[in-house]
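S.K.: One structure is given below, represented as structure tokens, and several questions about it will come after.
The values are calculated or read from the model by the stated rules, or taken from the named source; none is laboratory data. None of these values were measured; they are calculated from a predicted model. As a convention, Cβ positions derive from the backbone with ideal geometry for all residues, glycine included, and neighbour counts pool all protein chains shown. Note: areas computed on protein heavy atoms with side chains; ligands, DNA, RNA excluded. Shrake-Rupley method; radii C 1.70, N 1.55, O 1.52, S 1.80 Å.
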There are 4 protein chains.
Amino acid sequence: MINVLIWNEFRHEKCQPEVAALYPQGIHSAIGGYLMQDEELIVRLACLDDPEQGLSEEALENTDVLIWWGHMAHGEVTDETASRVCRRINAGMGFIGLHSAHHSKVFRQLCGTSCNLKWRHGDRERLWTVIPSHPIAQGVPEHFELAKEEMYGEPFDIPTPDEVVFIGWFSGGEVFRSGVTYRRGAGKIFYFQPGHEEYPTFKDKNVIRIIRNAVHWAKPAENAAQIECTNPAPLEV
Amino acid sequence: MINVLIWNEFRHEKCQPEVAALYPQGIHSAIGGYLMQDEELIVRLACLDDPEQGLSEEALENTDVLIWWGHMAHGEVTDETASRVCRRINAGMGFIGLHSAHHSKVFRQLCGTSCNLKWRHGDRERLWTVIPSHPIAQGVPEHFELAKEEMYGEPFDIPTPDEVVFIGWFSGGEVFRSGVTYRRGAGKIFYFQPGHEEYPTFKDKNVIRIIRNAVHWAKPAENAAQIECTNPAPLEV
Amino acid sequence: MINVLIWNEFRHEKCQPEVAALYPQGIHSAIGGYLMQDEELIVRLACLDDPEQGLSEEALENTDVLIWWGHMAHGEVTDETASRVCRRINAGMGFIGLHSAHHSKVFRQLCGTSCNLKWRHGDRERLWTVIPSHPIAQGVPEHFELAKEEMYGEPFDIPTPDEVVFIGWFSGGEVFRSGVTYRRGAGKIFYFQPGHEEYPTFKDKNVIRIIRNAVHWAKPAENAAQIECTNPAPLEV
Amino acid sequence: MINVLIWNEFRHEKCQPEVAALYPQGIHSAIGGYLMQDEELIVRLACLDDPEQGLSEEALENTDVLIWWGHMAHGEVTDETASRVCRRINAGMGFIGLHSAHHSKVFRQLCGTSCNLKWRHGDRERLWTVIPSHPIAQGVPEHFELAKEEMYGEPFDIPTPDEVVFIGWFSGGEVFRSGVTYRRGAGKIFYFQPGHEEYPTFKDKNVIRIIRNAVHWAKPAENAAQIECTNPAPLEV
């Protein structure tokens, strides 16, 4: 069984009626509803306004894979919370950053770069599978379309990814490394670009399939643990 | 000074009038004309129909960077020629594969994959610079367009590139890792996707700038030599 | 269930009594004896002297992961056999190259480099786990020793690995990237350095654990298939 | 000309007589003395106890490549200083982290990992060149020894390096990825493991050659600039 925590800042849904109409109980609940159909997953939900920002030491300790959606309130996530999450990722927890999570404190701290990019509302996106045999691409077609999605465009200021699994094409003329993986410590990280709050992206079956695949891919290894500093004796010769 | 050898199979120009009209003395001559304006480059030209296919041991020995254009006659390049070129690359010669060079024996041998891809004539391409600080991207804008180019689309069956410098957007809906680098032995390799023979791609100033940058980037290191097998004595303790 | 084919050139065991004493039925049988204890694996054995060199189209078609040991007879493996194996790897079959497989036609063809290295018989090796959380390192200690092993030393002429999982330390003063991974097409590749025929390496429990882990790691994805060239129509706008 | 700033926390030299005896004017001055002999370099020195910790906005603006040595006072470097340095690196400044710089706020912030490792004083180290053709390895032998060096051992908790240029062998039985490169934004980063303050490492000609090579390698590109967020209009069709 994999313990999944879906974290959402959950603000747009409260202050923008058109977002509330799409995701009445929040983006996290929408994703959770799909993931709960996978019997290998134990799904919990958390929000920025929960106690300890929904990300207490205990909550993280009980999480195998953390899914993150945030946007307008990146700055409200405390440095302490962000560092706690990053430490837990390094100790083996998987992390799936969705859409504007690119600018979250957590993802930026994992990357060491600005994670800046181009953006524009209201494009059409076509996603291409670059590594069809990748675990995250299983059951995903060679390409699929999102009729409405926010354009995110290159140059995307991230470190060289370990793997580029998907590349996005936008009707306005841009491209984007839309699905990339990293390893940080014992933690596996997948960043996935689609998911603007004003569009029904999280109801798309391919998007959900990709998120579900990523959860399975990112689950901690048996050997997962933060690497420690030690001062060993030399080898006996 | 950098010794550049521009190799072209030089067949389309002889049998297709519309190609001859664009490149009357061949694609190699067109590229050469531009590169000769760089005073650090000594440019020579070679073709498939030259003696020893233009790629004798001696010619290669005197080459720092080899530029390759081939398409309809990949199969006529002998295995012996291809292996000779690959050995020389491993010993430090730079290699710049242009457009349909993706299916050349040389590039496939360097990759160990099929290098298969999607293709379609007559699209518009917009190239995006993914690593603006890369030596090959110096002086190249964030994006530029080729009004007519052959679409090459993902999935492109290549090994994980060391670097993805450019990604192409096509009007028909595809994307492509259009500029990628590899190291093989002591040799630096740059594959660049634009350059269909029916379009004036090699007259585009950004394309030429990229090729020229790549020549400087790919020149052999002082320490360049094929790594050899040796059987050394153990370290004295 | 994973179909594993363990291929061994099986010559040293026939002509060197000290090797026969260690591995009376061949290195392949020794490895196979251990792997057969894993109930998820269906293990078959094959040798260079079998019909079609033990690697017929049919045999490969029925193989999920191929383990390869070869040394003195690399040259007897026909180019046709090597190419057949490489095509099958690109179409999704996992490949585990052991020890002197570094110089096999198959591994060199996948790498595009000489795969040259340093070597010396009769060192002691200490292997270090560089990525403890990697699937291939599960259950493997941070380091373990092989009292007798052939030194393989850097520089090792291989492409930038996707991952370096193990690094070897040798008593004579050398180091080596002893466990490295690559993806070629849909196929996952693991090269592992230990396994000289004169030493009981394939009776070491950590070595066996690593090989078994690698088999599970390298099994083909559901989506595994050779990427093909296609000529699609443009996107409808 | 390349503007090099050599930054040293400069504390061990003030409180440990044996370190002062080796580096009477500090490690930074020792390195600087060598680099000043390179006529393409303009070398300046800075210390933790300088105003603005020697790393004011202006000082950084005028720096092409920053060399960093720190150890006992990592915690005294303010978060503000560390962030200012990281921003400047992302905007194109080269960064060379020496020895215990692995645990500096700057390097950890660039990596997003703990950068933990094993350590032990008083080993002998043999460094191996893994990529002889790399610019940082020019003029450096295939291997060289440091009679006394602090052992740093794997697992080293860093992200997958873009390149592993050197691997260290230690007499006590460990190995280490001793020379690794990264790109962060427009900045090039080289981490190099040797350089414990109690040993004459920075008087070794190979070490100095490597640092000097790294300075040339890490100098900013013409196109170097922080990638910004922009909100462009769609492509005209």
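S.K.: Hey, does the range C:33-41 have a residue that's part of a strand (DSSP E or B) and either surrounded by 18 or more Cβ atoms within 10 Å (Cβ to Cβ) or modelled with pLDDT of 95 or more (or both)?
M.R.: yes
S.K.: Going by the conditions given, is A:PHE190 away from every other protein chain (no Cβ under 12 Å), closer than 23 Å to B:ASP157 by Cβ and in a strand (DSSP E or B)?
M.R.: Considered against the rule, which asks whether it is away from every other protein chain (no Cβ under 12 Å), closer than 23 Å to B:ASP157 by Cβ and in a strand (DSSP E or B), A:PHE190 comes out as yes.
S.K.: Now for a separate question. Inside the range B:148-159, can you point out the residues that are crowded, with 22+ Cβ neighbours inside 10 Å and part of a strand (DSSP E or B)?
M.R.: Correct list: B:GLU149, B:GLU150, B:MET151, B:TYR152, B:GLY153.
S.K.: If you don't mind, there's one more thing I want to ask. Right, B:GLU145: charged (D, E, K, R) and in contact with a Lys or Arg (Cβ under 8 Å, 6 or more places away or on another chain) or not?
M.R.: Taking the combined requirement at face value, the residue satisfies it.
S.K.: Right, another one. Got a sec? Which of B:ALA225, B:ALA214, B:ALA218 is out of contact with any Gly (no Cβ under 6 Å at 6 or more places or on another chain), in contact (Cβ under 8 Å) with a residue 12 or more places away in the chain and under 19 Å from B:GLU61 (Cβ atoms)?
M.R.: B:ALA225
Quick grid of which residues meet (1) closer than 22 Å to B:ALA186 by Cβ; (2) in contact with a strand residue (DSSP E or B) (Cβ under 6 Å, 6 or more places away or on another chain):
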| position | (1), (2) |
| --- | --- |
| B:ILE31 | no, yes |
| B:MET36 | no, yes |
| B:GLN53 | no, no |
| B:GLU57 | yes, no |
| B:MET72 | no, no |
| B:GLU80 | yes, no |
| B:ARG84 | yes, no |
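S.K.: Determine which member of the set A:GLU145, A:GLU197 is out of contact with any strand residue (DSSP E or B) (no Cβ under 6 Å at 6 or more places or on another chain) and either part of a strand (DSSP E or B) or touching a residue at least 60 places away in the same chain (Cβ under 8 Å) (or both).
M.R.: On the way: A:GLU145 fails: out of contact with any strand residue (DSSP E or B) (no Cβ under 6 Å at 6 or more places or on another chain).
Checking each option against the conditions leaves just A:GLU197.
S.K.: Just checking, which of B:ILE131, B:ILE227, B:ILE167 is farther than 24 Å from B:GLU40 by Cβ, open to solvent by 10 Å² or more (accessible area, probe 1.4 Å) and of a type in the set (Val, Ile, Thr)?
M.R.: On inspection, the qualifying residue turns out to be B:ILE227.
S.K.: Name, by its number, the condition in (1) in contact with a Leu (Cβ under 7 Å, 6 or more places away or on another chain); (2) under 29 Å from A:THR160 (Cβ atoms); (3) among the β-branched types (Val, Ile, Thr) that does not hold for A:VAL43.
M.R.: Against the list (1) in contact with a Leu (Cβ under 7 Å, 6 or more places away or on another chain); (2) under 29 Å from A:THR160 (Cβ atoms); (3) among the β-branched types (Val, Ile, Thr), A:VAL43 comes up short only on (2).
S.K.: Another question about this same structure. Tell me which of these A:TRP217 doesn't satisfy, since it passes every other one: (1) open to solvent by 10 Å² or more (accessible area, probe 1.4 Å); (2) more than 13 Å from the chain's Cα centre (by Cα).
M.R.: The single condition A:TRP217 does not satisfy is (2).
S.K.: On to the next question. I need a count of the residues in the range A:193-237 that are at pLDDT below 95 and either at the interface with chain D (Cβ under 10 Å from one of its Cβ atoms) or farther than 25 Å from A:THR160 by Cα (or both).
M.R.: Qualifying residue count, the range A:193-237: 14.
S.K.: Tell me which residues, restricted to the range C:56-85, are touching a helix residue (DSSP H, G or I) at 6+ places or on another chain (Cβ under 7 Å), open to solvent by 10 Å² or more (accessible area, probe 1.4 Å) and over 24 Å from B:LYS105 (Cα atoms).
M.R.: C:HIS71, C:MET72
S.K.: I'd like the full set of residues that are hydroxyl-bearing (Ser, Thr, Tyr) and within 13 Å of chain B (Cβ to nearest Cβ), limited to the range C:121-177.
M.R.: The answer is C:TYR152, C:THR160, C:SER171.
S.K.: Go through D:ALA82, D:ALA91 for me and flag whichever is among the aliphatic types (A, V, I, L, M) and within 14 Å of chain B (Cβ to nearest Cβ). So that I can check it myself, show each step before the final result.
M.R.: Details: D:ALA82 fails: within 14 Å of chain B (Cβ to nearest Cβ).
Sole residue among the options that is among the aliphatic types (A, V, I, L, M) and within 14 Å of chain B (Cβ to nearest Cβ): D:ALA91.
S.K.: I want to confirm something. Restricting to the range D:103-120 and keeping residues that are at the interface with another protein chain (Cβ under 7 Å from one of its Cβ atoms) and touching a strand residue (DSSP E or B) at 6+ places or on another chain (Cβ under 6 Å), which single residue is surrounded by the most Cβ atoms within 10 Å (Cβ to Cβ)?
M.R.: D:LEU110
S.K.: If you don't mind, there's one more thing I want to ask. Would you confirm whether or not the range D:6-28 contains a residue that is open to solvent by less than 10 Å² (accessible area, probe 1.4 Å), in a loop (DSSP other than H, G, I, E, B) and of a type in the set (Asp, Glu)?
M.R.: Scanning the range D:6-28 turns up at least one residue that is open to solvent by less than 10 Å² (accessible area, probe 1.4 Å), in a loop (DSSP other than H, G, I, E, B) and of a type in the set (Asp, Glu).
S.K.: Within the range B:170-206, which residues are more than 23 Å from B:VAL85 (Cβ to Cβ), among the charged types (D, E, K, R) and open to solvent by less than 10 Å² (accessible area, probe 1.4 Å)?
M.R.: B:GLU174
S.K.: Checking A:SER104 against (1) under 27 Å from D:CYS229 (Cβ atoms); (2) without any contact (Cβ under 8 Å) to a residue 24 or more places away in the chain, which test does it fail?
M.R.: That leaves (2) as the condition not met.
S.K.: Return yes when C:ARG88 is surrounded by 18 or more Cβ atoms within 10 Å (Cβ to Cβ), modelled with pLDDT of 95 or more and not aliphatic (A, V, I, L, M) and no when it is not.
M.R.: Here the answer is yes, as C:ARG88 does meet what is asked.
S.K.: Of all the residues that make up the range C:44-55, how many are under 21 Å from C:ALA91 (Cβ atoms) and open to solvent by less than 90 Å² (accessible area, probe 1.4 Å)?
M.R.: Total satisfying the criteria: 5.
S.K.: Same structure again: C:GLY139 is checked against (1) modelled with pLDDT of 95 or more; (2) out of contact with any helix residue (DSSP H, G or I) (no Cβ under 7 Å at 6 or more places or on another chain); (3) surrounded by fewer than 18 Cβ atoms within 10 Å (Cβ to Cβ) and fails just one. What number does that condition carry?
M.R.: (2)
S.K.: Next question. Filter the range D:94-123 down to the residues that are more than 15 Å from D:ILE189 (Cα to Cα) and either of a type in the set (D, E, K, R) or in contact with a Phe, Trp or Tyr (Cβ under 7 Å, 6 or more places away or on another chain) (or both) and list them by number.
M.R.: Result: D:LEU117, D:LYS118, D:TRP119, D:ARG120, D:ASP123.
S.K.: Pairs please, first residue from the range B:16-29 and free of Cβ contacts under 8 Å to residues at least 12 places away in the same chain, second anywhere and part of a helix (DSSP H, G or I) and exposed (fewer than 14 other Cβ atoms within 10 Å of the Cβ), Cβ atoms under 9 Å, 6+ apart in sequence or on different chains.
M.R.: Once the first residue is free of Cβ contacts under 8 Å to residues at least 12 places away in the same chain and sits in the range B:16-29, its partners that are part of a helix (DSSP H, G or I) and exposed (fewer than 14 other Cβ atoms within 10 Å of the Cβ) give B:ALA20/B:LYS14.
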